Amino acid sequence: MNNLAALVIATSVLVMIPGPNVALIVANSLKFGFRAGMVTVLGTTLGLAVQLAVVVAGMAAVIELAAEALSWIRWAGVAYLLWLGIRTWRTPVDDLAAVHASPVVFWRGCLVAAINPKTLLFNAAFIPQFVGAGNNTATALAGVALVFLSVVLLGDLLWAAFATTARRVLGRYAPSRNRLTGTFLVAAGVGLGLSHGEDIK
């Protein structure tokens with residue numbers, strides 16, 4: 001199996017494992033619909049792209065330093081997502097047709113993806129494995145990172161589409177929808193807080 005096929009398969013498997021990014025995408029898709037889910041995906045993709053840029057351009061020492069700095073910022077993100085989840089859980093029932101997302105969903109997604117030190121360290125170890133022997137240049141790494149990011153983007157859009165389908169079903173049970181959305185936001189916060197664990201997205 002060539003490196004490109006192996007990369008696509010491995011990345012597809014990783015996308016199927018829900019982590020903080022996926023939890024946030026699902027939460028926003030449930031609450032606001034597919035468009036907001038898609039905007040969230042664009043935000044998480046940008047945050048991940050920033051990390052991949054560090055991996056491609058940086059040395060191991062720089063990556064370690066960046067990861068240490070992000071670990072401090074991460075806890076502020078955890079507190080924010082937990083607060084948001086609890087608030088959503090307690091939000092009164094609303095009409096689906098009247099619910100609209102604000103531009104903040106993009107930046108929220110970008111923040112959650114960018115401040116996760118675990119994904120930075122994981123990608124620093126994961127991406128170079130798919131560069132051909134003797135071709136470990138910045139250009140080759142950038143190519144692998146671009147394929148990785150494209151697969152993640154497509155997979156996350158599928159998560160948003162799945163959650164939007166569930167949203168239509170939950171439209172009849174608005175209190176359950178708010179509680180499910182709140183649960184996913186709390187899960188995103190917990191996942192970010194446990195970012196030294198096994199889930200990587």
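The values are calculated or read from the model by the stated rules, or taken from the named source; none is laboratory data. Being a predicted model, the structure only gives us computed values, none of them experimental. Note that each Cβ is placed from the backbone with ideal geometry, even for glycine, and that neighbours are counted across all protein chains shown.
Points worth noting:
- Test: residue in segment 168-177 that is surrounded by 17 or more Cβ atoms within 10 Å (Cβ to Cβ), modelled with pLDDT of 70 or more and of a type outside the set (S, T, N, Q): no
- Residues located in segment 9-40, provided they are under 11 Å from Ala160 (Cβ atoms) and part of a loop (DSSP other than H, G, I, E, B): Gly33
- Residues that are modelled with pLDDT of 70 or more, more than 16 Å from Thr119 (Cβ to Cβ) and either not aliphatic (A, V, I, L, M) or not in a helix (DSSP H, G or I) (or both), drawn from segment 178-201: Arg179, Thr181, Gly182, Thr183, Phe184
- Segment 5-28: number of residues that are surrounded by 13 or more Cβ atoms within 10 Å (Cβ to Cβ) and among the aliphatic types (A, V, I, L, M): 11
- Leading residue by the ranking (modelled with the lowest pLDDT) among those in segment 21-39 that are touching a Lys or Arg at 6+ places or on another chain (Cβ under 9 Å) and of a type in the set (A, V, I, L, M): Leu30
- The lone exception for Glu68 - which of (1) at pLDDT below 80; (2) within 14 Å of Thr119 (Cα to Cα); (3) surrounded by 15 or more Cβ atoms within 10 Å (Cβ to Cβ) it fails: (3)
- Matching residues in segment 125-167 - criterion: being outside any helix (DSSP H, G or I) and either surrounded by fewer than 13 Cβ atoms within 10 Å (Cβ to Cβ) or at pLDDT 80 or above (or both): Gly132, Ala133, Gly134, Asn135, Asn136, Thr137
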